[in-house]
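Written below as structure tokens is the structure these notes are about.
The values are calculated or read from the model by the stated rules, or taken from the named source; none is laboratory data. All values reported here derive from a predicted model rather than from experimental measurement. Glycine gets a Cβ as well: all are built from the backbone with ideal geometry, and neighbour counts include every protein chain shown.
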Amino acid sequence: MTPHFGLIIIGDEILSGKRADKHLPKVIELLGARGLQLAWADYVGDDPARITATLARAFASARACGDVVFSCGGIGATPDDHTRQCAAKALGVELALHPEAEALIRERMQDIAKEQGTPYEPDRDDNIHRLNMGVFPVGAQIIANPYNKIPGFFCPVDRLSDAGPPQGARAPEGLEPAGPRLLEQRRTGDRGEASRELRPARPRDPHTEGERGGVYFVPGFPVMAWPMIESVLDQRYAHLHQKLAHAEKSVIVFGSMEAMLTPLMLAIEAEHAGVKVFSLPSVDHPVYGRHIELGVKGSPEAVTLAYPALLAGLRAFDLKLGPELVR
């Protein structure tokens, strides 16, 4: 199967217009630089039910089609951060404090204390609360964060249902984040019924996992998210680089309506497998005025064969053609 790449952007601040989304154009750029392309994108606010439904669709496409999905935002530990909990609910698994994430978060705490010239107090309430950022769905693995060490996580969907957490992980009750009850239990050493030892994850095979889909969760901050997405693309999906190369060739067409060109478009797609014909009309372009950009897209080899046929079909209409565009 040829995987598709998807993007989920989470946060009320995007949908309200309080912040402009920068992830979509950047992810398109990162994929394009590697000969890959984005197949779909979803925007969702901070509503747990909607986030859970969106992630359930992403996990389903990753499991069924090997899709690779990046999710940006909502993995912090404030009341409006729901992504970790919703991911666990969508998968039907528990949440657990990931031991590697815990170690990295504690390193970050020590770094902050050193920068501020204060002693490191691991049991201070705010430091205990920070560990919530390392509570991930059982079976998840971490994504390194080069900016501040607080990791993201990813869920290789074919392993999550029976993997269990990494050895030594602690699972909070139900699907709630590691809140005051869990953290207080950690401090007193009495985990009671809120935690139990779960069997360790199966040994990882990075090459095999790189052949499969997954959902990758990164922070909403571009300075953190973009290097993390790049690392996933380069470390896990390098074997796909340039193999899914995509090309577009188009021409500006004057004096035509889309309805007149539709039979030609259908004929080109029927004669050239793997090619999509696109039509982008404009009524007030600053340079070309009213026109249609008509073109073909697909693999470079397929586009090379289909585009001359498209031009030949247009010439039969005796239309005025403008500049040709290549992407």
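Side notes on the structure shown:
- Considering only residues in the range 219-234 that are out of contact with any helix residue (DSSP H, G or I) (no Cβ under 8 Å at 6 or more places or on another chain) and in a helix (DSSP H, G or I), the one that is surrounded by the most Cβ atoms within 10 Å (Cβ to Cβ) turns out to be 228.
- Hits in the range 261-314 (condition: more than 30 Å from residue 242 (Cβ to Cβ), under 33 Å from the mean Cα position of the chain (by Cα) and of a type in the set (A, V, I, L, M)): 266, 292
- In the range 63-84, the residues that are within 11 Å of the chain's Cα centre (by Cα) and among the hydrophobic types (A, V, I, L, M, F, W, C): 68, 69, 70, 72
- Segments classed as strands (runs of 3 or more DSSP E), wholly inside the range 235-327, with at least 1 members that are surrounded by 14 or more Cβ atoms within 10 Å (Cβ to Cβ) and out of contact with any Asp or Glu (no Cβ under 9 Å at 6 or more places or on another chain): 247-254, 289-298, 320-326
- Any hit, the range 1-13, residues being assigned to a loop (DSSP other than H, G, I, E, B) and either free of Cβ contacts under 8 Å to residues at least 12 places away in the same chain or small (Gly, Ala, Ser) (or both): yes
- Applying the condition of being in contact with a Leu (Cβ under 8 Å, 6 or more places away or on another chain) and of a type in the set (Val, Ile, Thr) to the range 276-319 and asking which residue is farthest from residue 35 (Cα to Cα) yields 292.
- Checked against the criterion of being at pLDDT 90 or above and in contact with a Ser or Thr (Cβ under 8 Å, 6 or more places away or on another chain), the candidates 221, 217 yield just one match: 217.
- Residues of the range 6-49 satisfying the condition of being under 20 Å from residue 60 (Cα atoms) and either small (Gly, Ala, Ser) or exposed (fewer than 14 other Cβ atoms within 10 Å of the Cβ) (or both): 6, 39, 41, 48, 49
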